[in-house]
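Notes follow once the structure below has been shown.
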Amino acid sequence: QVQLVESGGGLVQAGGSLRLSCAASGSIFSINTMGWYRPAPGKQRELVARIISGSTTNYADSVKGRFTISRDNAKNTVYLQMNSLKSEDTAVYYCLADIQKIGGSSWLRYWGQGTQVTVSS
């Protein structure tokens with residue numbers, strides 16, 4: 001079994017900061033992409049940020065310059081540092097990871113349970 005556990009969400013005033021964490025655990029052989037998504041109008045979820053194989057990063061235009069994604073491969077953990085938060089950043093943030101399990105040959109996408117971020121104006 002593989003599990004993603006998120007933490008770090010909460011209530012913050014506009015202009016403040018939060019740091020989200022997502023730790024993957026279980027029968028993990030390798031992790032490729034790790035990232036964060038949130039719901040968006042007209043979409044099930046939109047990309048907030050992702051990091052591929054530890055170095056390449058992608059960000060939504062709306063968070064560039066304010067959010068930074070990083071990962072600790074030794075801990076199978078991805079982080080999202082969110083600065084200069086705005087009310088429109090309020091959402092449930094979902095972690096994802098593309099994982100190859102021990103003894104498996106396929107890459108499977110796993111999702112966390114979500115963590116609420118609320119930004120008050």
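The values are calculated or read from the model by the stated rules, or taken from the named source; none is laboratory data. Remember, predicted model here, so these are calculated numbers, not experimental data. Ligands, DNA and RNA are excluded from the accessible area calculation, which covers all protein heavy atoms including side chains. Shrake-Rupley method; radii C 1.70, N 1.55, O 1.52, S 1.80 Å.
Counting only protein heavy atoms and a 1.4 Å probe, the chain has 52 square angstrom of accessible area per residue.
Legend: residue pairs Lys43/Lys86; Lys43/Lys64; Lys43/Lys75, Cα-Cα distance threshold 24 Å; pairs beyond threshold, Lys43/Lys75.
Computed 3J(HN,Hα) for the range 67-77, one whole-Hz value per residue from the Karplus formula 6.51 cos²θ - 1.76 cosθ + 1.60 where θ = phi - 60°, is 10, 9, 9, 8, 8, 10, 5, 5, 9, 6, 10, glycine and proline marked x.
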